[in-house]
1. Looking only at residues that are part of a loop (DSSP other than H, G, I, E, B) and among the β-branched types (V, I, T) in the range 49-91, which one is farthest from V119 (Cα to Cα)?
2. Suppose we filter D274, D310, D257 for residues that are at pLDDT below 95 and not assigned by TED's automatic domain parsing to the domain that holds L15; which single one remains?
3. Inspect the range 243-256 for any residue being free of Cβ contacts under 8 Å to residues at least 12 places away in the same chain, in a loop (DSSP other than H, G, I, E, B) and more than 16 Å from the ligand (Cβ to nearest atom) and give the result as yes or no.
4. Here are T13, T21: which of them is in the same structural domain as F109 (by TED's automatic domain parsing) and open to solvent by 60 Å² or more (accessible area, probe 1.4 Å)?
5. Which of (1) assigned by TED's automatic domain parsing to the domain that holds S73; (2) open to solvent by less than 40 Å² (accessible area, probe 1.4 Å) is the odd one out, the single condition D126 does not satisfy?
6. Are any residues in the range 114-142 farther than 30 Å from C48 by Cα and among the aliphatic types (A, V, I, L, M), and if so, which ones?
7. Restricting the search to the range 172-206, which residues are under 23 Å from E254 (Cβ atoms), open to solvent by 80 Å² or more (accessible area, probe 1.4 Å) and part of a loop (DSSP other than H, G, I, E, B)?
8. Might you let me know whether the range 140-149 holds any residue that is over 19 Å from the mean Cα position of the chain (by Cα) and open to solvent by 10 Å² or more (accessible area, probe 1.4 Å)?
Amino acid sequence: MESVIIGIDLGGTNLRIGAVTSDNEMIAPFVLKSSIVADAEKPVEKICEIIADYSEKNRIRKIEAISIGVPSSVENDKETVICTTNIRNRAGEVVFSHMNVAKDIKERFHVPVFINNDVNNILLYDIMANGLEEQKVVVGIYIGTGVGASVVIDGKPLEGKDGAELDLGHIPYFGGTISCSCGKVGCCECYASGWRLQEIRKEFYPETQIQDMFTLHKEEKPLKEFIQACANVYAIMATIFNPNTMVVGGGVMEMADFPREEFEAAVNQNTGTDVMSYGFDYLYSKGDVGKGVIGAAIFARKRLKDKRSDT
Ligand SMILES: [Zn+2]
């Protein structure tokens with residue numbers, strides 16, 4: 001077997017692992033509950049165990065690198081997780097906070113290890129899958145339980161000073177009064193997120209299943225307001241970045257009967273007029289479960305290539 005990159009997508013609920021070949025094929029995908037890691041006494045050791053078991057079972061001999069996507073910002077060393085608000089142990093404590101997760105994994109397997117924000121990996125996958133590599137600016141906004149965003153400029157993911165950039169779920173909505181899980185009040189995530197959609201369901205449509213919300217109620221006021229709130233987030237980012245393509249994804253945006261036309265009209269209407277005089281393309285991310293794993297491998301390959309060209 002050729003050498004592969006082990007990709008892991010450590011989400012709030014599921015941990016997905018797969019071996020990714022040099023042409024971005026994922027072989028032997030496998031899913032476990034993230035709580036197995038979260039509730040372990042030593043979570044990083046548990047990740048090592050999972051990788052070792054997986055490699056053994058699938059007879060993987062040549063590992064080029066290990067690359068893990070996490071639902072958190074990651075420092076620019078691409079090893080240190082800043083804070084996994086959505087991954088907590090039984091006691092309710094966050095599992096990784098300002099912690100170097102790569103170090104022990106590197107020591108155990110003797111290969112390069114990369115940790116990256118999961119949305120960042122998914123945008124790299126969407127760029128690859130749709131042939132957007134040559135575009136100057138691609139913005140991806142993924143609305144699931146929370147809001148995640150990534151920006152790729154000239155093929156490189158945008159990085160802030162510390163790696164804490166694009167914390168889009170927590171930009172303030174002016175006049176917002178809802179308390180956010182981050183401890184502040186009136187964050188955008190309180191108005192445009194899967195969490196909010198659940199709240200709307202509980203308040204107005206307790207008989208409706210969450211997956212039928214758009215199918216049954218998209219013409220009604222609570223959902224119309226919700227779509228406007230989501231559109232606002234995209235319009236802010238379009239106005240700031242003047243992108244070639246706006247990638248629209250995440251569990252909420254990928255739901256059945258999400259009203260794309262109405263959403264795009266609202267984004268266009270709220271985006272700054274200078275940007276709108278040039279316009280941009282919309283691309284809808286597909287609900288493919290492998291994209292976080294393959295995206296992690298794409299990220300690792302990019303870093304390995306950068307390293308080689310540095311020396
Ligand atoms: Zn917040």
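1. From the range 49-91, those part of a loop (DSSP other than H, G, I, E, B) are 58-62, 71-73, 75-79, 84-87, 89-91; that's our starting set.
If we keep only those that are among the β-branched types (V, I, T) too, we end up with 60, 84-85, 87.
On the way: I60: 27, T84: 13, T85: 15, I87: 15 Å.
That would be I60.
2. Every option except D310 fails the conditions.
3. Taking the range 243-256 as the starting set, the residues that turn out to be free of Cβ contacts under 8 Å to residues at least 12 places away in the same chain are none.
No, the range 243-256 contains no residue that is free of Cβ contacts under 8 Å to residues at least 12 places away in the same chain, in a loop (DSSP other than H, G, I, E, B) and more than 16 Å from the ligand (Cβ to nearest atom).
4. It is T13.
5. (1)
6. Within the range 114-142, L132, V137, V138, V139, I141 meet the criteria.
7. S181
8. No: the range 140-149 contains no residue that is over 19 Å from the mean Cα position of the chain (by Cα) and open to solvent by 10 Å² or more (accessible area, probe 1.4 Å).
The values are calculated or read from the model by the stated rules, or taken from the named source; none is laboratory data. Everything numeric here is computed off the predicted structure, so don't read it as measured data. As a convention, Cβ positions derive from the backbone with ideal geometry for all residues, glycine included, and neighbour counts pool all protein chains shown. Just so you know, the surface numbers come from the protein's heavy atoms only, side chains and all, with ligands and any DNA or RNA stripped out. Shrake-Rupley method; radii C 1.70, N 1.55, O 1.52, S 1.80 Å.
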